[in-house]
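Enquirer: Have a look at the structure that comes next, please.
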Amino acid sequence: MRNLKVIQDNEVKPLTRTTKAGVLKRRPEVEDQIKEVLGIDAAALDQRLSVRNYQADGFIKPEAIVYLIRRSLDLGDDDSVNHLSTALVGRLTRMIAGKVSILSPNLREDCHSEIVVRVFADIVDLSTDRADYAQVSFGDWLGKKAVDSIRKCWKEHTQSQITDSLTREDKGGDEDAADPEVRDFRPSDLRPEEYGLFIDKALRVLKDNEREAYVMRHLWEWEIENADTQIPTISTYFGVSPRTIRNWLVSADKKIKTWRDQRGT
């Protein structure tokens with residue numbers, strides 16, 4: 001693995017992606033860390049990459065690692081790409097585990113792999129600047145990737161589970177709409193900076209059945225019931241009555257509200 005210090009003055013290329021607020025910029029501490037890392041040798045870099053505690057001295061921020069991977073790809077430095085990518089995957093493992101915990105255990109492994117693929121697809125694509133935001137706020141960027149992947153994994157799985165043989169109870173859809181206990185809380189009323197925390201923390205207070213039903217109803221916008229048996233519904237997916245689903249959602253909603261009240265959001 002060769003020294004990453006190829007450009008003598010440690011020049012760091014600026015970001016190019018533009019938002020409504022203007023061109024994205026890295027935080028000063030990320031810029032400084034990139035320049036610092038560009039000045040160390042291979043052995044020192046490996047030692048730094050082995051530091052996993054973000055509060056420890058020597059910890060390299062994931063925002064910096066993303067830049068270093070793209071830079072090494074641009075330079076054709078495959079050794080550096082492999083070392084840096086391995087380190088980033090190690091960081092991702094813990095971060096992704098928290099996000100996919102809202103899924104059933106049998107879905108988590110596949111979804112974890114899906115998120116990693118999506119993350120690296122953007123990072124290694126030097127023809128675009130889609131990974132620029134990963135160098136500004138890696139956690140937020142990963143959160144968006146995770147939500148998209150979780151939605152994809154869940155929909156593919158649930159769609160494959162819905163068959164015409166599933167039976168339904170209590171087909172009166174109007175009863176659900178009129179039920180005053182079912183509050184139509186949706187994550188869309190969260191501020192953007194809250195969304196990742198909502199996925200990571202709030203849904204963990206729910207039981208497994210409540211969590212799955214809540215996500216299907218409020219994130220994926222599935223119906224609780226429908227007279228058309230060709231339309232997948234939450235009640236047919238679980239094989240329980242719509243009234244049971246409504247009870248789960250009421251319980252989940254109360255727990256989510258308590259969590260938000262405790263945080264003052």
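Enquirer: Need the full-extension length gain, LEU126 to SER50, defined as separation in residues times 0.36 nm minus the C-alpha distance. One decimal, nm.
Expert: 24.8 nm
Enquirer: Next question. Along the Cα→Cβ direction, 7 angstrom out, place labels at GLU11 and VAL117. What is the inter-label distance in nm?
Expert: Result: 3.8 nm between the two label points.
Enquirer: While we're looking at this one, here's another question. Starting with the fewest neighbours, write out TYR54, TYR237, TYR214 ranked by other beta-carbon atoms found within 10 Å of each beta-carbon.
Expert: TYR54, TYR237, TYR214
Enquirer: Rounded to the nearest 0.05, what FRET efficiency do SER101 and ASP228 give with R0 = 35 Å and r taken as the Cβ-Cβ distance? Could you check?
Expert: So the FRET efficiency works out to roughly 0.60.
Enquirer: So who's got an amide H within less than 5 Å of the one on GLU223, skipping anything under 5 residues away but keeping other chains? H placed 1.01 Å off N, in plane.
Expert: ILE234
Enquirer: Among VAL89, VAL119, what is the fewest-to-most ranking by other Cβ atoms within 10 Å?
Expert: Fewest-to-most ranking of VAL89, VAL119: VAL89, VAL119.
Enquirer: In percent, what relative contact order does segment 6-82 have, based on Cα pairs under 8 Å that are 6 or more apart in sequence?
Expert: Value for segment 6-82: 21 percent.
Enquirer: Next up: Where the only charges are on Cβ atoms (+1 Lys, Arg; -1 Asp, Glu), what is the dipole of segment 18-150 about its Cα centre, to the nearest 20 debye?
Expert: Taking the Cα centre of segment 18-150 as origin, the dipole is about 540 debye.
Enquirer: Measure off 7 Å from each Cα along the Cα-to-Cβ vector at LYS152 and LYS35, then give the distance between these two points in nanometres to one decimal.
Expert: Placing both labels 7 Å along Cα→Cβ, they lie 3.8 nm apart.
Enquirer: For a footprinting-style exposure proxy, rank SER80, SER137, SER50 by other Cβ within 10 Å, fewest first.
Expert: If I rank by nearby Cβ atoms, fewest first, I get SER50, SER137, SER80.
Enquirer: Right, here's the next one. So what's the projected area for segment 18-150, the Cα convex hull averaged over all directions, in nm²?
Expert: One quarter of the hull surface, i.e. the mean projection, equals 8.7 nm².
Enquirer: What does the charge count around LEU15 come to, taking other residues whose C-beta lies under 12 Å from its C-beta (Lys +1, Arg +1, Asp -1, Glu -1)?
Expert: Neighbour charge sum, excluding LEU15 itself: +3.
Enquirer: Restricting to Cα pairs below 8 Å that are 6+ residues apart, what does the relative contact order work out to for segment 18-150? Please round to a whole percent.
Expert: Relative contact order, segment 18-150: 26 percent.
We did not get these values from a lab; they are worked out from the coordinates using the rules stated. Note that the coordinates shown come from a computational prediction; the quantities given were computed from them, not determined experimentally. Cβ: placed from backbone, ideal geometry, glycine included. Neighbour counts: every protein chain shown.
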